[in-house]
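Reading through the structure tokens given below for one structure.
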Amino acid sequence: RKEVEQDPGPFNVPEGATVAFNCTYSNSASQSFFWYRQDCRKEPKLLMSVYSSGNEDGRFTAQLNRASQYISLLIRDSKLSDSATYLCVVPTGGGNKLTFGTGTQLKVEL
Amino acid sequence: DTGVSQDPRHKITKRGQNVTFRCDPISEHNRLYWYRQTLGQGPEFLTYFQNEAQLEKSRLLSDRFSAERPKGSFSTLEIQRTEQGDSAMYLCASSPEQGDFRGYTFGSGTRLTVV
């Protein structure tokens, strides 16, 4: 089983829609989780951290379900500018490196 | 210092040639990481440095790959005898200290194409 798994998509949604992505992780001892955003041919950038019961930042909500070992990212009122790849990330190896999922591609359309 | 700098941005090389990439981290960051990203995949960890010491290497880092950070500042990643499978984006990142993931910053990457 991969350490971090995501549905690669693409998710094609109309502007204004609500979309949710899930990610599963294999190490039950993991304590920290992150969502990164990566635009085409650019570097990944931290979007949100996910700690304990999750958190919200504007239109974005991240949730953690430890029992089922998955995290989710919810985007409300999606905008054209939200089109990107969303990477689920878990620190591994004693926290010295980041393990990325394959990423989920989101396309927001008019 | 505006972030992590990588040079070159793009490199096209013929199979069998050697290539070297450079990464300049954020100056106060003592940890430096190299990742590789192929099309349709997330970045994969290659190696990391704490100051000048290389503390971990992935199994992805074959004998043809070598990384250095001689003075604990910039780092180089060299690939010898390049193969077409080496074509990827090579990303460098730096962080202030262990566990400080909010400070974990990626450079823009070096895109390598082996023809």
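The values are calculated or read from the model by the stated rules, or taken from the named source; none is laboratory data. Quick caveat, the model's predicted, so the values are computed rather than measured. All Cβ positions, even for glycine, are placed from backbone atoms using ideal geometry, and neighbour counts span all protein chains on display.
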- When you look at A:A67, is it under 27 Å from B:Q50 (Cβ atoms) and assigned to a loop (DSSP other than H, G, I, E, B), yes or no? no
- Message: I need a count of the residues in the range A:72-99 that are in a loop (DSSP other than H, G, I, E, B) and either within 26 Å of A:S53 (Cβ to Cβ) or facing chain B (nearest Cβ under 8 Å) (or both).
- Response: 7
- Query: Only one of (1) in a strand (DSSP E or B); (2) among the polar types (S, T, N, Q); (3) at pLDDT below 95 is not met by A:S52, so which one is it?
  - Reply: (1)
- Query: Looking at (1) closer than 27 Å to B:Y33 by Cβ; (2) free of Cβ contacts under 8 Å to residues at least 40 places away in the same chain, can you tell me which one A:G58 breaks?
  - Reply: (1)
- Query: What residue, among those in the range B:94-114 that are facing another protein chain (nearest Cβ under 8 Å) and either touching a Leu at 6+ places or on another chain (Cβ under 8 Å) or buried (at least 20 other Cβ atoms within 10 Å of the Cβ) (or both), is farthest from B:L46 (Cα to Cα)?
  - Reply: B:R102
- Return a yes/no flag: does the range A:33-47 have any residue that is within 30 Å of B:Y90 (Cβ to Cβ), under 11 Å from the mean Cα position of the chain (by Cα), of a type in the set (S, T, N, Q) and surrounded by 14 or more Cβ atoms within 10 Å (Cβ to Cβ). yes
- Query: Does A:V108 satisfy the condition of being touching a Ser or Thr at 6+ places or on another chain (Cβ under 9 Å), within 13 Å of chain B (Cβ to nearest Cβ) and not in a loop (DSSP other than H, G, I, E, B)?
  - Reply: no
- Among A:D82, A:D77, the single one that is modelled with pLDDT of 95 or more and crowded, with 17+ Cβ neighbours inside 10 Å is A:D82
- For the subset of the range B:69-90 comprising residues that are free of Cβ contacts under 8 Å to residues at least 60 places away in the same chain and within 14 Å of B:T113 (Cα to Cα), which member is surrounded by the fewest Cβ atoms within 10 Å (Cβ to Cβ)? B:G85
- Message: Let me spell it out: the conditions are (1) surrounded by 19 or more Cβ atoms within 10 Å (Cβ to Cβ); (2) over 10 Å from the mean Cα position of the chain (by Cα); (3) in contact (Cβ under 8 Å) with a residue 12 or more places away in the chain, and B:I12 meets all of them except one. Which number is the exception?
- Response: (1)
